[in-house]
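The values are calculated or read from the model by the stated rules, or taken from the named source; none is laboratory data. Treat the numbers as computed from the prediction; the structure is a model and nothing was measured. So basically every Cβ, Gly included, is an ideal-geometry build from the backbone, and we count neighbours across all protein chains shown.
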Amino acid sequence: MDPLGGPITDAIHRSLASVAVAGVVVGVVWSLLLALSGRAGGEAFVRFQAAVVSLLVVAAASGLVVLAGGARPVDGMHVLYALVAVALVPLARSFLTRANDRGTNLLLLVAFVVLGGVLYRLFATG
């Protein structure tokens, strides 16, 4: 049995973070291809974004379990970066309009690239 915040919980948290990195890489490539082609991402891309955000929420929740178990990140900014990571894609989506698919795709590309940087900082401060 894994005590609250024990090694199994920490491994789950790290695994979720690694999967989130893969999701960000796919998001960068997908949004770049859409921006270059000028096409809309469609419902599949919207669902993908929701999946990445959901994964980040679950990873953050597992981090809270680790934190509640007494483990602390190396840098206190880790918690702030986690909040930014969870909010980034929804924030970018709040600025979207249907008028310009290329602009929409560029905004999401920037959001995924910035999210990649934030995830890098999360790994560096974890």
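One table, with the values for the structure above:
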item	result
Residue check, Ala85 of a type in the set (Gly, Ala, Ser) and either at pLDDT below 95 or not in a helix (DSSP H, G or I) (or both)	no
Output for region 27-38, where each listed residue is part of a helix (DSSP H, G or I) and exposed (fewer than 13 other Cβ atoms within 10 Å of the Cβ)	Val29, Leu36, Ser37
One residue from Leu56, Leu67 being surrounded by 13 or more Cβ atoms within 10 Å (Cβ to Cβ) and modelled with pLDDT of 95 or more	Leu56
Residues being assigned to a loop (DSSP other than H, G, I, E, B) and either in contact with a Lys or Arg (Cβ under 9 Å, 6 or more places away or on another chain) or over 18 Å from Ser37 (Cα atoms) (or both) - total across region 98-126	1
Test: residue in region 34-49 that is modelled with pLDDT under 90, over 16 Å from Gly126 (Cα atoms), within 18 Å of the chain's Cα centre (by Cα) and among the charged types (D, E, K, R)	no
Breaking point among (1) closer than 18 Å to Arg14 by Cβ; (2) of a type in the set (Val, Ile, Thr); (3) surrounded by 13 or more Cβ atoms within 10 Å (Cβ to Cβ), for Val74	(3)
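Let's see how each residue does on (1) part of a helix (DSSP H, G or I); (2) of a type in the set (S, T, N, Q); (3) under 18 Å from Ala87 (Cα atoms):
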| residue | (1), (2), (3) |
| --- | --- |
| Arg14 | yes, no, no |
| Ala40 | no, no, no |
| Ala44 | yes, no, no |
| Ala50 | yes, no, yes |
| Ser54 | yes, yes, yes |
